[in-house]
Amino acid sequence: MAKPSLRSRLFLSHLAVMGVGIITLASVGWLYSPRLFVVSLERIEGYGISVRQVRTQLIQGFEFAWTRGMLWSVLIGAGAAGGLSYWVSRRIIRPLDHMEAVTRQFAAGHLSERVPPSEILEIQRLANSFNRMAADLEGVEQRRRELVSDLTHELRTPLTIVKGYLEGLGDGTVEPSAELYQRLAREAGRLQRLVNDLQELSKLEAGYLPIQTETVNLPPLLHSLVLGFADQVGDRPIEIRLSAPSDLPAIKADPERVEQILVNLLGNALRYTESGEITLEAKAEPDRVWLAVRDTGSGIAEADLPSVFERFWRADRSRDRNSGGTGIGLTICRRLVEVQGGEISVISQLGQGSEFRFWLPRAFPDRKR
């Protein structure tokens, strides 16, 4: 047996309340109105006016008038109240029907559908909650599609190259050589780095990547990084220098993850800087230590800055692809900084260079400052 709808229940509840009110009114009126009328007649007789001869007729006339009036009142009142109850029920249910229709459209894949506003406060709150949830789900779905599209694009290039060379080697149109095998090894390495980065990013976002926080003394780590990247400059007129105080305080972080962040930032700076300098800077505040990588490279357009930390974003896709980047290094950096309690940001001007800076909490905050 089908259960009654909410509209029917609301309408029936209104009718039930109205019925109880009418029965109560009629019962009280039937029991007490004639008695009160008799009391009124006795009070009139107390003023010297005799109504005994017509008392019976007066009482009967009153009862008739009262009954007829009550009957018409019940009919008219019940009709008006019933119509009003039906209108109110429809007014309450209509936005819920709209919400049901929107949820069906939403379930069918139309993620842009939203619940219209309602004059009823509680339903408006429900609509706002649903619309926020719908917007979040739409964003998640959009990011999922972009991730699949970008991942497909990233995998297609090295796979096409490897397939083409292997087919050429198979049918004899390409001669085997050491250079060819090195090219195949580089493409395989790109695929491996992409898979490793995706796996690490997945663990970070799912909270599965372990972070072993400890007290980290930064100066030795920063000096070793600067020396290591100075050896990678080659013939380019680039100076890599360190700007940090000798008494730089320790931080509370995972040393391997801090090194991973700085290696990624320094690698990006070196990739996009043809000449000039790259500076690794550190400075302390009472409760945190700021680390920054500043370069004089090609820079990033202002319109692109909000997208810098998104997956597979590149300021120059073709250049970055040839250099072997996966396009998710900065996304990993952001997540690594966040899981260690810090924040990361970027300042850049096109043609003038970029500065990526982040902070991590101090191991022993300075409370005296």
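The values are calculated or read from the model by the stated rules, or taken from the named source; none is laboratory data. Fair warning: this is a prediction, and the values are worked out from it, not measured in the lab. No Cβ is skipped: glycine too gets one built from the backbone with ideal geometry, and neighbour counts run over all protein chains shown.
If you scan region 193-235, which residues turn out to be loosely packed, with under 12 Cβ neighbours inside 10 Å and more than 31 Å from the chain's Cα centre (by Cα)?
Within region 193-235, 214, 220, 224, 227, 231, 234, 235 meet the criteria.
Search region 86-112 for residues that are in contact (Cβ under 8 Å) with a residue 12 or more places away in the chain and pair each with any residue that is part of a helix (DSSP H, G or I) and not aliphatic (A, V, I, L, M) when their beta-carbon atoms are under 6 Å apart and the residues are at least 6 apart or on different chains.
Listed by first residue and then by second, the contacts come to 86/11; 89/7; 89/11; 93/7; 111/138; 111/141.
Looking at residue 248, is it at pLDDT 95 or above, surrounded by 15 or more Cβ atoms within 10 Å (Cβ to Cβ) and outside any helix (DSSP H, G or I)?
No: the conditions fail for residue 248.
Kindly evaluate residue 188 against the criterion of being without any contact (Cβ under 8 Å) to a residue 60 or more places away in the chain, of a type in the set (A, V, I, L, M, F, W, C) and in the same structural domain as residue 148 (by TED's automatic domain parsing).
Yes.
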